[in-house]
Structure formats: structure tokens, C-alpha cells
Amino acid sequence: MRAPRLFRIALHVVASLACVMGTALAAYPDSAGAPEDQYESFDRTDPILTDAKTRLVWARVVSTQVAFAGTAAACLQRAELGAGRRLPTVKELLTLVDEFPHERYDNGRVVAKFIDPQAFSGSTYVTPVDFPYWTSTPAGGGRYWAVDFATGEVVARTATDLGHVRCVRQ
């Protein structure tokens, strides 16, 4: 049995677009992001989400860039997390790093992001990758570990450097 004519035309259009756009369609693979069971069920407008494995509750909103001294105040502003909100440890923040990056169009350019696009990206909740994200874990010598979601790496930053803040509670 042959597919209806409109269906065949639609398939042809999609295939043609894929050829014309090259890797553009591959930038948003269905498999990008965390495993399906990584987080408890959430809606794209929910301000928080819970990691089903670690039981950590994450704010989906990212605070603007601050020096390390401003991280506690940034987490106090995340009232949606409730009591006990704080800056994550490096080990906790690393649970959000995806093994494989996905590409997103941010600020006029395509950038790689090593964070689940369904949980931490989109029009409501964006994960900028222009600065690493602070953790509460000291790296020695007045520095703290930070996670860079542009590379998926952990980096040591001086306390006066700027970084983003994503807060958590247990």
C-alpha cells in the first residue's frame, strides 16, 4: 500500500530541508539531554525540578553573573526552592552535565551546551554558557570550583571572577 500523496510530499520536503540545512537539523537530536527518568515529571513552566536519582531540587532560573561573595545572596533570591536553598557542591552540579553537548542559538551564534535542553533551556528557562557556574567547593588559594556548561569541564576560579549561579536544595 502506498502512502497518501500529501504524506509523501511532506516527507520529501523534510528530507530536502535536511539536505539544505546540513547539520542544522542534527543540532537538535531527540536523544539530547538527560535520560527520560533523570527528573521527576515537570512542566516547561515549572520553576523547579527534582532529580529522581539524587533527590536534589534545582532552581531552573539562573542568577546573573556575580563574584563568589554574591552567591549566597543569589540563592536567597530563589524563594521557589523554599527553605534550605544554597549553592551546590561541585559533585552536585556535575550531576547536571550531559555527556554529549547539544547546540543552541544564543546571542547571535550557535553554542554547545552540556546541559539537558528539555530541563534547563528554552524560552522560559535559559542556561547561558558565557561564564562558568559557581559551586560551594573550595579549590584552594582563594579559588572555588565552577562548572563550565560550554565545555562540560570543572574549572578553578578566583573568588573575584564572575560566574553564574544555579541554586539547589536537598
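The values are calculated or read from the model by the stated rules, or taken from the named source; none is laboratory data. Because the structure is a prediction, the values reported are computed rather than measured. Virtual Cβ from ideal backbone geometry, glycine too; neighbours counted across all protein chains shown.
Taking the options 101, 88, name whichever one is assigned by TED's automatic domain parsing to the domain that holds residue 156, assigned to a loop (DSSP other than H, G, I, E, B) and modelled with pLDDT of 50 or more. Spell out how you get there, then give the answer.
On the way: 101 fails: assigned to a loop (DSSP other than H, G, I, E, B).
88 is the lone residue from the list that is assigned by TED's automatic domain parsing to the domain that holds residue 156, assigned to a loop (DSSP other than H, G, I, E, B) and modelled with pLDDT of 50 or more.
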One residue is enough: does segment 161-169 have a residue meeting the conditions touching a residue at least 40 places away in the same chain (Cβ under 8 Å), surrounded by fewer than 24 Cβ atoms within 10 Å (Cβ to Cβ) and of a type in the set (Lys, Arg)? yes
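Check segment 149-162 and report whether any residue there is among the basic types (Lys, Arg) and either closer than 25 Å to residue 35 by Cα or in contact with a Ser or Thr (Cβ under 8 Å, 6 or more places away or on another chain) (or both). Write out each step before concluding.
Keep residues of segment 149-162 that are among the basic types (Lys, Arg), which gives 157.
From the residues that got through so far, the ones that are either closer than 25 Å to residue 35 by Cα or in contact with a Ser or Thr (Cβ under 8 Å, 6 or more places away or on another chain) (or both) too are none.
For segment 149-162, residues among the basic types (Lys, Arg) and either closer than 25 Å to residue 35 by Cα or in contact with a Ser or Thr (Cβ under 8 Å, 6 or more places away or on another chain) (or both): absent.
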For residues that are in a strand (DSSP E or B) and either of a type in the set (Ser, Thr, Tyr) or over 14 Å from the mean Cα position of the chain (by Cα) (or both), tally how many sit in segment 113-133. 1
Just checking, does segment 75-91 include any residue being under 18 Å from residue 153 (Cβ atoms) and either free of Cβ contacts under 8 Å to residues at least 24 places away in the same chain or of a type in the set (S, T, N, Q) (or both)? yes
